[in-house]
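This report concerns only the one structure given below.
Quick note: the coordinates plus some simple rules give every number you see, no bench work behind them. Worth saying up front: this structure is predicted, and the values here are computed from it rather than measured. Don't worry about glycine lacking a Cβ; one is built from the backbone with ideal geometry, like all the others, and counts go over all protein chains shown.
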Amino acid sequence: MAQPLIIDSIATLRATVAGWRARAERIALVPTMGALHAGHLSLVHRARHEAPRSIVTIFVNPTQFAPSEDFGKYPRTFEADIAALAAIGADAVYAPQLAEMYPPGFATAIVPEGPARTGLEDAFRPTHFHGVATVVTKLLLQALPDVAIFGEKDFQQLAVIRHVARDLDLRTTIIGAATVREADGLAMSSRNVFLTPAERSIAPLVHDTLQAVAAALRGGTDATDALAAGEARLAASGFALDYLALRDAGTLGPLQPAQPARLLVAARLGSVRLIDNIAV
Ligand code: PAF
């Protein structure tokens, strides 16, 4: 079980990548904020399938958290993360310090529009995608991977990153990977550790409700009625709903005839905000 190379500077990252490229080896990047679970590890498996060289980034990016959010208490499990990555054979972990990513005087941000302004996550976290787009663009420019893998669980994030990569002519192909779920359907998330046992027992209702709404839609129920029933079910179970929305799967804007649709939800349970989505 080889330890991944642990890299904390852009210079070492670039030298490592240059060595691989000199041997014509393709490189896959998996950006994460650590606290790795089976969902993240599935992204690394996908990376290893896509390219002989894989780099996992671990950086809890402060610019994507609003001051009121949980940056300080976001789980940090670096030693366990490295052990898990060693077990599945990741080649390198890029874990820069804050000053490497945001040196003093840092004054540039990417402010995405398009799927980043569709009234979903952006309505509740107005600057979140500025931080995500900025840090992901930096990581892609630092590592210049052939492919980068992101989970579909953060479906709007994936759409935003695809759009940014296209608009800025980044050389990396963005790949979305299916959400990994617990046996009861709950989408895996680093924040699930904050659910109390009582909250954990009702959290699977988020996915269950998505499935019920999707089944109603497929069965011909009017979208407004199907969404209202889903909202009522979540509210009755103790969730504070941010949104339950049916959108065009590509743009995340209004549903277009004959285009794939996506059903997306964000709901709060105590202090934890759960998001999930499925194809319809
Ligand atoms: O999905 C995440 O973990 C983060 O938003 C990402 C893509 C690593 C950027 O910090």
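Structural remarks
- Evaluated at q = 0.11, 0.16, 0.17 Å⁻¹: base-10 log I(q)/I(0), Debye formula over Cα of the chain: -0.65, -1.33, -1.46
- Cα centroid separation, region 217-280 to region 4-69: 31 Å.
- Fewest neighbouring Cβ atoms within 10 Å first, the residues VAL56, VAL111, VAL44 line up as VAL111, VAL44, VAL56.
- Ordering ASP146, ASP122, ASP70 by the number of other Cβ atoms within 10 Å of each residue's own Cβ, fewest first, gives ASP70, ASP146, ASP122.
- Total formal charge among the other residues, if their Cβ is under 11 angstrom from that of ARG125, Lys/Arg +1 and Asp/Glu -1: -3
- The convex hull built on the alpha-carbon positions of region 37-86 has an orientation-averaged projected area of 4.2 nm².
- Seen from ASP184, the other residues with C-beta closer than 15 Å to its C-beta sum to a net charge of -2, counting Lys and Arg as +1 and Asp and Glu as -1.
- Charge dipole of region 1-157 about the Cα centre (unit charges at C-beta), most positive-ward option of PRO112, PRO126, ALA51: ALA51
- Axis angle, to the nearest 10 degrees, between helix 10-22 and the longest C-alpha principal axis of the chain: 80 degrees.
- Using alpha-carbon coordinates, inclination of helix 155-167 to the longest axis of the chain, degrees: 50
- Where only DSSP H runs of four or more residues are counted, the chain gives -11500 deg cm²/dmol as its mean residue ellipticity at 222 nm, each run worth -39500 (n - 2.57).
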